[in-house]
1. If Lys386 passes every condition in (1) in a loop (DSSP other than H, G, I, E, B); (2) of a type in the set (Lys, Arg); (3) under 26 Å from Ser361 (Cα atoms) but one, which one does it miss?
2. Taking the stated definitions as given, is Arg274 modelled with pLDDT under 90 and touching a helix residue (DSSP H, G or I) at 6+ places or on another chain (Cβ under 7 Å)?
3. Any chance you could count how many residues in the stretch 197-256 are more than 26 Å from Val283 (Cα to Cα), in contact (Cβ under 8 Å) with a residue 40 or more places away in the chain and among the polar types (S, T, N, Q)?
4. Got a number for residues in the stretch 11-65 being of a type in the set (D, E, K, R) and closer than 23 Å to Leu333 by Cα?
5. Right, Leu34: more than 24 Å from the chain's Cα centre (by Cα), of a type outside the set (Phe, Trp, Tyr) and within 16 Å of ligand 2 (Cβ to nearest atom) or not?
6. Whether any residue in the stretch 491-510 is surrounded by 16 or more Cβ atoms within 10 Å (Cβ to Cβ), touching a His at 6+ places or on another chain (Cβ under 6 Å) and either at positive phi or at pLDDT below 95 (or both) is what I want to check.
7. Conditions: (1) closer than 18 Å to Leu31 by Cβ; (2) touching a residue at least 60 places away in the same chain (Cβ under 8 Å). Arg180 meets all but one. Number of the miss?
8. Inside the stretch 217-242, can you point out the residues that are closer than 14 Å to Ala204 by Cβ and in a strand (DSSP E or B)?
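The values are calculated or read from the model by the stated rules, or taken from the named source; none is laboratory data. Computed from a predicted structure; not experimentally measured. Heads up, the Cβs are rebuilt from the backbone with ideal geometry, glycines too, and the neighbour counts pull from every protein chain shown.
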Amino acid sequence: MSQETMHFQAEVKQLLQLMIHSLYSNKEIFLRELISNASDAADKLRFEAIANPALLEEAPNLQIEVSLDAEARTISIEDNGIGMSRDEAISHLGTIAKSGTKEFFQRLSGDQQRDAALIGQFGVGFYSAFIVADEVTVESRRAGLPASEGVRWQSRGEGDFAVETVERAPRGTRITLHLREGEDELLSSWRLKSIIQKYSDHIALPILMRKEEWDAEAGKTVVKDETETVNQASALWTRPKSEIDDAQYKSFYQHLSHDTNEPLAWTHNRVEGRSEYTQLLYVPSRAPFDLWDRSRHGGLKLYVRRVFIMDDAEALLPSYLRFIRGVVDSSDLPLNVSREILQESRDVRAIREGVTKRALSMIEDLAENHAEKFATFWSEFGQTLKEGVGEDHANRERIAKLLRFASTHTGTDEQTVSLADYVSRMKDAQTKIYYVNADSYRAAANSPHLEVFRKKGIEVLLLSDRVDEWMLSYLTEFDGKPIASVARGDLDLTPDEAEKEAQEKTGEALQPLLEAAKVALADKAKDVRLTFRLTESPSCLVADEGELSGHLQRMLKAAGQ
Ligand code: ADP
Ligand code: MG
């Protein structure tokens, strides 16, 4: 077929413009992104070749080659992975925006630095080539297709791109970047090597570059025909811990998560026994922009004996830990495992339990030994973790210990008080853990229900997150102490003798008033009672034990129920 010119999808175009401008100070990431795509293409080929070994053709050794041509001012990245058909090139490189693009645009703030981090998180991918290139050419042949069905895709990164069918013998993809004016510093193999080592060292396939040697006679370096491998070329998680330094763990995290921030913590170990697997898990320091989109589960990449199987393997992680990133490499699962099989598999259940325990220990370690990091964790992921109280019965107590609340004891809206802290401050006669729940911290802190507690010096937890009420319907006690709302049922704050007497007298005196109020409010209130809970406000509403509280009623109403 002859050449055809097509337009980028509107959002792709917008993304391109934005990226070129806001990522310029970080321009070297283009190489990381293109190498990461080459590595994904190799993973995909290996995976498809499990069912169809013929796809490997005569080239079973997968690799990536990076080369440069100083005269033509080009850099190219070539892989022998899965490749793309003409249709795939059209849709993947131009006409289909990635999922999440819309949300992504909504989150942009206009602040360059923040947006750059967000773009990184979104996964800039292929288009980052245009940060340094004014023209990009992609030549590809998909594994399994004949040489006559190669494709050439070309664009200047403005509004459109051209595609044509070409003859191409080698399987896989070659991407050639024609550098923009002023980018000549990239035309140095030393420079490219150092970028590869910085960002792509952990890529599991060899990244090759042509060898260079100093030629004394000619007085300059000459490029040889031989190639050398410039990265470590072994999957990071398969190497012994003692051989991996922090910088390597961090850069692997950034590769996995597309997050430019450093992780808060990680854990790496091999599990033997019932189910054998290696896990490398990370706690990010920043929530991704789509953490609340439950359809995009995120999470762990699954490998089976080093063969990549799938991204976002949701069966490996409970939903409340969806912020955890990492890799699980199983020795037991079959290579042809599907998402459906994963849901059923006993091995997977064992892995999921193990991963959950490990992830919780990592968070516990932050709580016990790294207060500042834990505070960051809590503000980014605390609300997500709270979902675990309802979702993960088996680990409820462990999760409960990690919860943090605002409280009348600290008097700020920061959530720093644990249930254990609260219990350690309970008064001698106090048997319950008290909380008040409202739509905002201010409303909670100003609740009239608090008056009597203040007077008696009893601490009350101040809850205002959306999930709190739901969570507390699963968490009814901690350390043997019931958790009770100040707005519900009878209080057990036993008054002393003198107080009791005084209260009885007041009660008798106010009886006629109560009767009158009951009649007046007959269709609004189930009962009108005298209370000694309030010290300043004249009255307040309470729910009966076992009835929905006012806050939950309002929430259900808002949700249309
Ligand atoms: P992502 O990698 O997050 O999917 P990219 O923008 O990096 O997004 O790439 C878009 C798509 O283009 C990839 O999902 C893949 O289908 C295709 N692609 C890019 N580079 C290659 C390559 N080297 N070989 C095969 N397909 C590729
Ligand atoms: Mg990519």
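1. (1)
2. Yes: the conditions hold for Arg274.
3. Total satisfying the criteria: 1.
4. Of the stretch 11-65, the ones of a type in the set (D, E, K, R) are 11, 13, 27-28, 32-33, 40, 43-44, 46, 48, 57-58, 65.
Applying the additional criterion that residues be closer than 23 Å to Leu333 by Cα yields 40, 43-44, 46, 48.
Number satisfying all stated conditions: 5.
5. Working: more than 24 Å from the chain's Cα centre (by Cα): no; of a type outside the set (Phe, Trp, Tyr): yes; within 16 Å of ligand 2 (Cβ to nearest atom): yes.
No, not satisfied.
6. Within the stretch 491-510, the subset surrounded by 16 or more Cβ atoms within 10 Å (Cβ to Cβ) is 491, 493.
Next, from what is left, pick out any that are touching a His at 6+ places or on another chain (Cβ under 6 Å): none.
No, that holds for no residue.
7. (2)
8. Passing the criteria: only Thr229.
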